[in-house]
Each structure stands twice: as C-alpha cells, then as structure tokens.
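Here is the structure we will look at.
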Amino acid sequence: MPISAFKDYRDELRKAWKKARHGLDEDSIHQLRVASRRMGSSLLLVESVLVEERSSSARRRIKRLMKKLGILRDIQVQVSIVKKWKQTEDVQRFADSLGRAERQEKGRIRDYLSRHRKQKILQELRGFEKDAARRLKRIPQATMKARMQRVLSAQRMDLEAARKAMVPSDLSSLHAARRSARKLRYCLEAAGAIVGPAPRSELQRLRRDQTQLGNRRDRQLLESKFQEWRGKSKPDPSFPHFPPAEAGTRKT
C-alpha cells in the first residue's frame, strides 16, 4: 500500500528540501520537484482508495510547492540551453538577463523554502498518514487494488486523449501531454506494491515522452523569450537551432 511508503517519501522530501534551500542549484531544485511529485502521487492514490471527493490539504500544499518551484526550474533549464549556443554579443547579453532573473527567483524561493513552511508541510503529511492508516485497515486488499486500477486506467485514457490533441506549435497542448505522461508514470511507480509493477516498456515510453515533450516545450518557450527580449514578434532566423537531442537538458 502506498501508505507504507509515506515515511520514505517524507524523508526524501525533507532531505531534498534542505539541499534545495541551501543550494538552489539546478539539480537540487529538480530533486525537490521529483520528491514532491512522488509524495503527491502517493497522496492521490490513497485518496482514491479512501474515495475522497476532493484533494486533501496535504496534497494541495504539495501542489503549491511544485508550482512555486516551476519558474526557477524553467529559468535554470534555459540557462543550461543557452550555454550551448554560439556566444555572440546578443547571446551573451541574453544569458546575462537570464542570470539576473535566476538570481531574483532564487531569492523568492529561498524565502519560500523556510524551515517553518517545511515543518508545516511535514506535519500535514504526518496527520494525513495517521488518519489514512486508520481508515485503510477497514478496506480489503482487493478493493484497494480495484480502486487504484480504476485511477490508473483513467490516467491512461487522459494521456491518450492528450496525445491525440497535441499540436506541435501549441505549447499548452505539449505541456498537457507531458503532464499526463508524468502523472501516470509517478502513479504507476507508487501503486506497484498493490497492483503490481508496470510493464517496463510502458515506463520507458512515459519517460521518453516526458523528455521529448519537455525539450520541445523548453525550446519553444526559450525561443519566445529570446524574441521578446530582442523586441521581435516573428521568428528570428538567427535563433540557434539544434537537433532534438541537443534541444534541451531537462531531467525527468
């Protein structure tokens, strides 16, 4: 049951929070987001087993944390990409502007990742865990499995719909498909102890989708930001073009 992994997930979140708070570098922010997603997926699955009508306060806090970290994460990925460009004067000035934006966002995130907020979230998670453990004792294992499988089936359908709705030039459709793939992947991993491990081929495809869609989104976001920075509204032929493998550095 995902509840049995709560302590591990909480410890992972606590450690990642501490590293991110002190480092605020690209890797530590990424690891905190990963820890947050694992925790959020576990909360979602437990809520589905308990047939909760709305998300818990604990999961809402985790979602706010991930959203807060998103801006800094995007900027840090963009900085990594721009380092690969041919360093013209314009590119160097653009890189400097990204560096300033990163420093400003780091200040905001450092304030947000306070010790008080961390303790508040961990306390909320412990409260959820205690209540859920008590209620889950009354639910048969077969019922837990069936309810989780329904959630995973619904997520698979959502992902298929998002894939069909994708438009290469539409950032929102790329983001929706990537978000659906990511959500399913983390829930499959969290549910493995009850429903059994997901097929390796499915997990590999989900990770590949995350990476490829993330890189495409990063590339288009960065192109728009570069054009805006230069005061241009149309595609700029001088914008650096890379083959797909080099288009981004986002981790999954």
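The values are calculated or read from the model by the stated rules, or taken from the named source; none is laboratory data. These numbers were taken from a predicted model, which means no experiment stands behind them. Every residue, glycine as well, gets a Cβ built from its backbone with ideal geometry; the counts of neighbours run over all protein chains shown.
Some observations on this one:
- Counted residues, segment 51-73 - those being touching a Leu at 6+ places or on another chain (Cβ under 7 Å) and surrounded by fewer than 17 Cβ atoms within 10 Å (Cβ to Cβ): 0
- Filtering segment 3-37 to residues that are under 19 Å from CYS187 (Cβ atoms) and at pLDDT 95 or above leaves GLU12, LEU13, ARG33, VAL34, ALA35, SER36, ARG37.
- Per-region count, segment 73-93, residues assigned to a helix (DSSP H, G or I) and either closer than 24 Å to ALA20 by Cβ or at pLDDT 95 or above (or both): 10
- The number of residues in segment 120-168 being surrounded by 12 or more Cβ atoms within 10 Å (Cβ to Cβ) and outside any helix (DSSP H, G or I) comes to 3.
- Qualifying positions in segment 144-157 - touching a residue at least 24 places away in the same chain (Cβ under 8 Å) and closer than 27 Å to SER57 by Cβ: MET144, LYS145, ARG147, MET148, GLN149, ARG150, VAL151, LEU152, GLN155
- Any hit, segment 129-137, residues being in contact with a Lys or Arg (Cβ under 9 Å, 6 or more places away or on another chain) and under 16 Å from PHE6 (Cα atoms): yes
- Residue check: LYS68 meets all listed conditions (1) within 21 Å of the chain's Cα centre (by Cα); (2) more than 16 Å from TYR112 (Cβ to Cβ) but one, namely (2).
- Against the numbered list (1) exposed (fewer than 13 other Cβ atoms within 10 Å of the Cβ); (2) touching a residue at least 60 places away in the same chain (Cβ under 8 Å), ASP90 comes up short only at (1).
- Residue pairs whose Cβ atoms lie under 7 Å apart, separated by 6 or more positions or on different chains, with the first residue in segment 63-74 and β-branched (Val, Ile, Thr) and the second crowded, with 16+ Cβ neighbours inside 10 Å and modelled with pLDDT of 95 or more, are ILE71/GLU105.
- Here PHE128 meets the list (1) among the aromatic types (Phe, Trp, Tyr); (2) under 19 Å from ARG59 (Cβ atoms); (3) out of contact with any Ser or Thr (no Cβ under 6 Å at 6 or more places or on another chain) almost entirely, failing just condition (3).
- All of ALA146, ALA133, ALA161 fail the test of being of a type in the set (A, V, I, L, M) and either modelled with pLDDT under 95 or closer than 20 Å to ASP74 by Cβ (or both), apart from ALA133.
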